[in-house]
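One structure below.
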Amino acid sequence: MGQDDKKNQGVDLEEFLEFYLLDSQEQIDKLGTGLLQLEKGGSNIGLINDLFRSAHSLKGASGTMGFTPIVALTHAAEDLLDRLRQGKIEVTLTMIDILLDVTDRVKAMLSQVEQRQAINVEYEDLVKAMKDLVSGKLPLEQGAGSQAFANGTEPGEQAGGAEHGGETEIAFDKEDGFVPFDFQLSNAEWKKLGDAQNMGHGIYQVDVALAPNTLMKAVRAVMAVQRVENLGAVVKLLPTVEDLEIGNGDGFFLLVISDEAPEEIMEEILGVSEIAKVMVHAYPATPEDMKAQGEGTMGGKEAAAGAAILEGVLARVSQPEVNVAKENRLVGAPAQATSQGRAQVGGTAPAGNASAQAGNDGGEGNTQVHTIRVDTARMDNLINLVGEMVITRTRLVQVGLDLKSAYKMDPLVSNLIETNVYLGRLMNDLQESVMRLRMVPIGTVFNRFPRLVRDLARKTNKEIDLVLQGEDTELDKTVVEVIGDPLMHLIRNSVDHGIESPEERQAAGKPVVGKITLDAYHEGNHIAILVSDDGAGLPLASIRRKAIERGWIGEREELSDRDIANLIFLPGLSTAEMVTDISGRGVGMDVVKKALNNLGGMIDIDTRQGQGTTFIIRLPLTLAIIQALLVEVGAEIYAVPLSSVLETLLVNRTDIKTVGGLPMVQLRGNTLPLISLQEKFELPAPEVPSEEVFVVVVGLGDKALGLVVDTLRGQQEIVIKSLGDMLNNLPGIAGATILGDGKVTLILDIGSLIQDVLVTRKS
Amino acid sequence: MAEEQLVTFGLGTEEFGVDIMRVQEIIRIPPITRVPKAPVYVEGVINLRGNVIPVVSLRTRFGMDKVEETDLSRIIVLQVQKKVFGIRVDAVTEVLRLDTAAIEPPPPVALGMDSQFIRGVGKIGERLLILLDLDHIMGGETSHEFSA
């Protein structure tokens, strides 16, 4: 039906899709985190309300986009949560399981939506499971939460219950505040109403308030009209669809002829998502009745103030007489509708209730972060510009100094220099702030692990507490994006191999509940991430045995515990006895290590028998900035990533021997192959070769290579920039950077240089 | 009558034109960093406000002799298919409009250079303007290498 809906609405949903996906993913993450909290902390009404709202806005948004399976799932979840918050059912483990399952399915569905595929994730089973949960305990009160609201079963926290009393009142003369809306009916339409009354049909005015920030108002109106037409005839809709389409008004009025009870009509319309509130009133059948009623109620203004319909709607009403009454009756309303901000107003929740919740949001200081989303390309551009400004300022400083030496006595010069100093301070601040834009807290990665640990723990019948620390530690977005998988692997490993079974723990005199700690903190230019467990520690003896079997180490070789522990990072150590469903899926610790190395990071292990294991990961704060050693070759400067530099040597030319046509040097008993960058990069040979040359020893894995250069210029932080599509994949060049003087310097690709030498050697 | 707006520049004795819509900016020659192993016509890379962009020497590309940099030497920064690169020229001469009717297809044996870089020849009175086909200047490597 999704496709049909889109056609019916005649609105291009594609443009809203990105927005929808972002928002939904946020909501589903909130749901997931909240559920885990619920499992731990029992039922806390604020939390359940949050969950309900998340489910609700997901449902609403998905409904708008026509993703029926997501609506079905979230609708059922919403019902369940509604029961929960009414205290009608208790939180159970099964319930959490089912709801978590819902978040997983919805995530899967969202990713299908993202890939523009049809949703084909199974969901009926979960919907049924949730319905069973709802009805199992309350067989008499089946059905949607919206019914509960309409019947006034909402708990006391719902604000303004009294005001709702009159909402569904049928006889208009009993309603103080209700003023019939002037639909500006034609004579024919009045006649229709009169006929309807004579035939005993009910005539109703239906006021519909949309949730704030509703995107496609016209669509909502059309959907409401369609639904109401199942129950009767819609005589008129105001504002018109055209007006709603251009975004006018936060609600609309319907004039309906129907035999159904007002409650039914209300119910039907509430089925449309993003409807904040519906009021159904009896409507006069003749112009005379209407006039009488309008005048009669001019005094009773505030009583119906619950209607959250904005002036935008009213501005379109031209008849002054009724207009006055209308405006008055709505005085109290607009504030309510607008004050809700982003808080999702429950489509089934009366507006009064919603605003009360919105109030809570502010009061409790919920974890809502005020953010805007910015394209990283724009941000990078900003960073570039700031970098360029810094360089330009240094030039300005130089000009100032030149002026000073030329016109020493001129006060204008010292003025310029002072201003330069001030500008320099500003630039530093600016640069720092801009760099911080790219930084995100590591908590965004950590937050997905509680769920993982919970699921794994239940699978392995272990009891495990995951403690998160240092979630606020910030690091570059580029790192955050890639660190997740290696961490997940380590955590799986800790759950599976680290933490013992409850029985074993008891026998060892440890607390039954195992503990895994994730911690992060800054360490100079690096970030340290710790994954530690209080489990049994690595089986060093068996690791050693395996390593000997594979011939990696000699039978008698003396190794420290740490060295043995580090053997697990070699490929192929994962053995049959260590493989389980969870962590033995053919990817071992070697993969983790490799992934971290690719990020310029390192990993270390600290393990103690019977006490636990800690994995220590050190990563550069950003992947965009690296430490580099600048070297000079002839007149050119190159940057060598410091992470691959092992050492630097000063070598006498006479010590360089040629073996098979390739230069080599002896280094502590081993031969080290050399590459002359001058030859490699086709630079003109110096006329008088120096007696001594510098050799930068670089290594990747177990392969080492010496780069022959003229001079070392020292170590510096550099920002990696791409050479672009056109100069990609040049041998030996990994990228470029811009130095302080504004000149471009190339960054060497150590991997490809080493590769090169190996190939030359073989051939 | 359709017309094109062109930025014209000189290279040796010839005059060339590029579509003004492709021209991002025109700059003086900044320090150029040579890129080893790059195609010969790539003179190197420059820093354009924090972005590293390649610079093509049109003289090398067209098999002309190298000349010393003068006060008139410029780099025309172009944007072609979202790629930004510069072409080094002897001098930028003017911006002009040209009737599309005045543009003729490139002669089969073009003015001593490979016709793949030429989109057409524009005539303005006695002047001949060689219109460059920018899609082939950078990349689109072909076997035609000219020695000077």
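The values are calculated or read from the model by the stated rules, or taken from the named source; none is laboratory data. Here the structure is a predicted model, which is why all the values come from computation and not from measurement. Note that each Cβ is placed from the backbone with ideal geometry, even for glycine, and that neighbours are counted across all protein chains shown. When the accessible area is computed, the model is the full protein with side chains, heavy atoms only, and any ligands, DNA or RNA have been set aside. Shrake-Rupley method; radii C 1.70, N 1.55, O 1.52, S 1.80 Å.
Observations on the structure shown:
- Residue check, residue A:464 crowded, with 17+ Cβ neighbours inside 10 Å and either within 24 Å of the chain's Cα centre (by Cα) or among the polar types (S, T, N, Q) (or both): no
- Of all residues in region B:66-80 being under 28 Å from residue B:125 (Cα atoms) and either more than 14 Å from the chain's Cα centre (by Cα) or surrounded by 17 or more Cβ atoms within 10 Å (Cβ to Cβ) (or both), the one that is nearest to the other protein chains (Cβ to nearest Cβ): B:78
- Candidate set: region B:81-99, residues that are within 14 Å of chain A (Cβ to nearest Cβ) and under 17 Å from residue B:46 (Cβ atoms); chosen: the one surrounded by the fewest Cβ atoms within 10 Å (Cβ to Cβ): B:83
Residue by residue, here is whether (1) open to solvent by 30 Å² or more (accessible area, probe 1.4 Å); (2) at pLDDT 80 or above; (3) outside the structural domain of residue A:275 (by TED's automatic domain parsing); (4) out of contact with any Phe, Trp or Tyr (no Cβ under 8 Å at 6 or more places or on another chain) holds:
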site: A:218; (1), (2), (3), (4): no, no, no, yes
site: A:221; (1), (2), (3), (4): no, no, no, no
site: A:228; (1), (2), (3), (4): no, no, no, yes
site: A:235; (1), (2), (3), (4): no, yes, no, no
site: A:239; (1), (2), (3), (4): no, no, no, no
site: A:244; (1), (2), (3), (4): no, no, no, no
site: A:250; (1), (2), (3), (4): yes, no, no, yes
site: A:253; (1), (2), (3), (4): no, yes, no, no
site: A:260; (1), (2), (3), (4): yes, no, no, yes
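- Matching residues in region A:368-380 - criterion: being loosely packed, with under 13 Cβ neighbours inside 10 Å and within 14 Å of chain B (Cβ to nearest Cβ): A:377, A:378
- Failed item in (1) open to solvent by 30 Å² or more (accessible area, probe 1.4 Å); (2) within 48 Å of the chain's Cα centre (by Cα); (3) at pLDDT 85 or above, with residue A:631 passing the rest: (1)
- Filter pass, residue B:23 being aliphatic (A, V, I, L, M), away from chain A (no Cβ under 11 Å) and over 30 Å from residue A:632 (Cβ atoms): yes
- Of all residues in region A:486-532, those being touching a strand residue (DSSP E or B) at 6+ places or on another chain (Cβ under 6 Å) and not hydrophobic (A, V, I, L, M, F, W, C) number 9.
- Test result for residue A:529, modelled with pLDDT of 85 or more and of a type in the set (A, V, I, L, M, F, W, C): yes
- Taking the criterion of being free of Cβ contacts under 8 Å to residues at least 24 places away in the same chain and either open to solvent by less than 70 Å² (accessible area, probe 1.4 Å) or small (Gly, Ala, Ser) (or both), the residues of region A:476-530 that qualify are A:505, A:507, A:509, A:524.
- The lone exception for residue B:65 - which of (1) out of contact with any Ser or Thr (no Cβ under 8 Å at 6 or more places or on another chain); (2) among the charged types (D, E, K, R); (3) outside any loop (DSSP other than H, G, I, E, B) it fails: (3)
- Restricting A:692, A:679 to those that are at pLDDT 85 or above, surrounded by fewer than 17 Cβ atoms within 10 Å (Cβ to Cβ) and within 11 Å of chain B (Cβ to nearest Cβ) reduces the list to A:679.
- A count restricted to region B:35-49 and to residues that are surrounded by fewer than 21 Cβ atoms within 10 Å (Cβ to Cβ), facing chain A (nearest Cβ under 7 Å) and within 26 Å of residue A:386 (Cα to Cα) stands at 1.
- Within region A:381-394, residues that are within 9 Å of chain B (Cβ to nearest Cβ) and over 10 Å from residue B:50 (Cα atoms) have Cβ atoms under 8 Å from residues that are at pLDDT below 80 and part of a helix (DSSP H, G or I) in no pair, counting only partners at least 6 apart in sequence or on another chain.
- Hits in region B:3-22 (condition: open to solvent by 30 Å² or more (accessible area, probe 1.4 Å) and either outside any strand (DSSP E or B) or among the β-branched types (Val, Ile, Thr) (or both)): B:12, B:13, B:20, B:21, B:22
- Some residue of region A:703-713 being of a type in the set (S, T, N, Q) and either touching a helix residue (DSSP H, G or I) at 6+ places or on another chain (Cβ under 8 Å) or more than 8 Å from chain B (Cβ to nearest Cβ) (or both): yes
- Scanning region A:43-93 for residues that are under 19 Å from residue A:133 (Cα atoms), in contact with a Lys or Arg (Cβ under 7 Å, 6 or more places away or on another chain) and polar (S, T, N, Q) yields A:49, A:74.
- Pairs are defined by a Cβ separation below 7 Å, a sequence spacing of at least 6 or placement on different chains, a first member in region A:674-686 that is under 11 Å from residue A:635 (Cβ atoms) and in the same structural domain as residue A:654 (by TED's automatic domain parsing), and a second member that is of a type in the set (Asp, Glu) and open to solvent by 20 Å² or more (accessible area, probe 1.4 Å); the pairs so defined are A:683/A:636.
- Of note, residue B:32 satisfies the criterion of being within 14 Å of chain A (Cβ to nearest Cβ) and more than 17 Å from the chain's Cα centre (by Cα).
- Filter result (among the aliphatic types (A, V, I, L, M), open to solvent by 10 Å² or more (accessible area, probe 1.4 Å) and at pLDDT 85 or above) within region A:46-85: A:71, A:72
- Top-ranked residue in region A:723-755 [being touching a residue at least 12 places away in the same chain (Cβ under 8 Å) and of a type in the set (Asp, Glu); ranked as farthest from the other protein chains (Cβ to nearest Cβ)]: A:749
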